[in-house]
C-alpha cells in the first residue's frame, strides 16, 4: 500500500510539472523565433516612480560599446524627461491664472533645460550586460533609471529660487500635475 501511495505521488508530481511546462510555452508563429534582449522588458519600463530607458552599444572595443550604450540610453532618458516635464509645465501654467503667461512659459522652458541637465547626474544603472559576439565585437546592454521624486525635488528647489516664478508657484499643484503625468506614462499613455 505504501508503494502505491508513493507511486501515486510521483505520477501526480510529473503530471503537474508537464501541465505547468505546457502552459508556460507560448506558441510562436511559424518561421519566427523570439528575440530576448537583455536589460529590456516590463521591469525596465517607465513607471509612476521612475523614468527608465534602455539601449545597446556595439563596438570592437569593450569600453566603446559601453560608452555607446550609456550615451544612447542617457539621450533617450533626457528626451523622455523633457517631453514629460514640458507637458507638466504646460498643464501647470494653463491651470494657473497668471498675469504674463507667455513670460512664465518661457521661464519654465529655460528652467526645464537647466533642471534636466542637472538631474541627469542622478541616473542609476538598473541593468548592464556585456556580450561578445561570434564576430568578435562587444555588445553592451544597459538600462538606466531616474527617480521621479528626485526630479520634482530639483524642480521645487530651482523654482523656489526664481523670484518671478516664486510669486505664482504652487509646489503642491505642480507636484499633483507631475504625478498625474507620471501615472499616464506608467499606464502606457505615452
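Throughout, read-outs are computed from the coordinates displayed, never taken from laboratory work. As the structure is a computational prediction, the values presented were derived from the model and not from experiment. Counting neighbours? That spans all protein chains shown, and the Cβs are built from the backbone with ideal geometry, glycine included.
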| note | The simple spin-label model distance between residue 90 and residue 133, using points 7 Å out along Cα→Cβ, in nm, is 3.8 nm
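Kindly state, to the nearest 0.05, the FRET efficiency for residue 153 paired with residue 30, given R0 = 41 Å and r defined as their beta-carbon distance. Can you show the working numbers first?
Numbers: r = 52 Å, r/R0 = 1.27.
Rounded to the nearest 0.05, the efficiency is 0.20.
Would you mind getting me the FRET efficiency between residue 37 and residue 67? Use the beta-carbon distance for r and R0 = 22 Å, nearest 0.05.
Step by step, r from the Cβ atoms, then E = 0.70.
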